[in-house]
Structures are given as structure tokens and as C-alpha cells.
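The values are calculated or read from the model by the stated rules, or taken from the named source; none is laboratory data. All figures in this text were calculated on a predicted structure; none of them were measured in a lab. For neighbour counting, all protein chains shown are included, and Cβ atoms are generated from backbone atoms with ideal geometry for every residue, glycine included.
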Amino acid sequence: MTDTISDRPLPGDATAKSRIARMIRVDHAGEYGAARIYSGQLAVLGRGPNGDILRHMKAQEQVHLDTFAGLIADRRVRPTVLLPLWNIAGFALGAVTAAMGTRAAMACTVAVEETIDEHYSAQAGELGDDETALRETIETFRAEELEHRDIGLAHEAEQVVGYRLLTRVIKAGCKIAIAVSERI
């Protein structure tokens, strides 16, 4: 069977290797940012009644981050140069939403995790049989991100004043961070 024109890459199309590198780069950056968000939330709410829940979610994000850090090294992928920005921005987002109250912190979690769910779903759908292990890793982490979203919803995230606006702003920020972290 011969290739059709639509099966062949076009000039300027990213190679499979560069697409995978982008995925690993952005996922590493995203998990780094998520860990920093939980660090900011813990700095404000860590001694309160939800401290253990936040520590649980942060621990899972740390496993995700460590996994992608390993993939960065193993596959010789350049990490994003924006990690110092995500360090500050992630911590600040977590601390500010936590300072607004537990519901706002949980709304932040919902917004971030819903965005990551969409992102991971698209990535998993793009990966072929030659990247089964990476797809399985992404699907496992996606399930844990959805668990975090559900925790946020169970802790009254939707009851925070301005929930819709807050989550829209956070989701927009996440989508921008994803777009620039893939490339820079």
C-alpha cells in the first residue's frame, strides 16, 4: 500500500522526535508548576484541616515531576528556560488563592487539573504504538490529576465567590503556559 499525500509529513512539520520532546518538555514544566502551586497553598493552609489533602496532592505531583525529570535526562530533552518563572508564578498562584481561602485554593486546583486533563488527553491520543510506555505514564498521571480535581470539587471549590471568573483566568494562564513551555 502506498502513502497518500495526507499520510506524508509536509515541509515544516515537526518530526516525531521533536513532537515527543515538546511533550516531555511541557509536561515537565507543568508538573513543576503544579508542585509549586501546592507548595504555595501549603505555605498558607498547611497547618489547617486541609493540610494533609494538599500534602497528598503535592506528593503525587512530585512523583509526576520526578518521572518527567527522568525522561528529560534519558531522552536528552532540553527543559523549558521558563522554569524560574514557573517557580515564582506557581508558588504565587498557590499562595494567593490559598490566602483567599480554602475554597479558592480548591478552585485553583479544579481549574489547573481540568486544563491538564484536556492537555494529557490530547497527548495520549497523539502517541502511537511506538510510545506505549509514555502514553501509559500520561494516562496514569491524568487519572491522578482528575482525582485532584474531584478533591477540589468535594471541598466546595464551586462555592467560592467568583468561581467562574477565577477558574477561567487560571485556565487561560495554564493554556498560555503550556503553549510557551512547549517551545521555549
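Quick notes on this structure:
- Residue, nearest to LYS58 (Cα to Cα), within region 150-180, restricted to residues that are within 12 Å of the chain's Cα centre (by Cα) and basic (Lys, Arg): LYS171
- Test: residue in region 161-169 that is within 20 Å of GLY94 (Cα to Cα), touching a Lys or Arg at 6+ places or on another chain (Cβ under 9 Å) and modelled with pLDDT of 95 or more: yes
- Check on ILE151, surrounded by 14 or more Cβ atoms within 10 Å (Cβ to Cβ) and in contact with a Phe, Trp or Tyr (Cβ under 6 Å, 6 or more places away or on another chain): no
- Any hit, region 14-34, residues being polar (S, T, N, Q), more than 20 Å from ASP117 (Cβ to Cβ) and free of Cβ contacts under 8 Å to residues at least 24 places away in the same chain: yes
- For region 92-100, the criterion of being over 26 Å from VAL160 (Cα atoms) and at pLDDT 95 or above is met by none of the residues.
- From THR115, THR140, THR97, THR109, residue being assigned to a helix (DSSP H, G or I) and either without any contact (Cβ under 8 Å) to a residue 24 or more places away in the chain or in contact with a strand residue (DSSP E or B) (Cβ under 7 Å, 6 or more places away or on another chain) (or both): THR140
- When region 43-58 is filtered for residues that are within 28 Å of GLU182 (Cα to Cα), hydrophobic (A, V, I, L, M, F, W, C) and without any contact (Cβ under 8 Å) to a residue 60 or more places away in the chain, only LEU54 remains.
- Breaking point among (1) under 30 Å from SER18 (Cβ atoms); (2) in contact (Cβ under 8 Å) with a residue 60 or more places away in the chain; (3) of a type in the set (Ser, Thr, Tyr), for THR167: (1)
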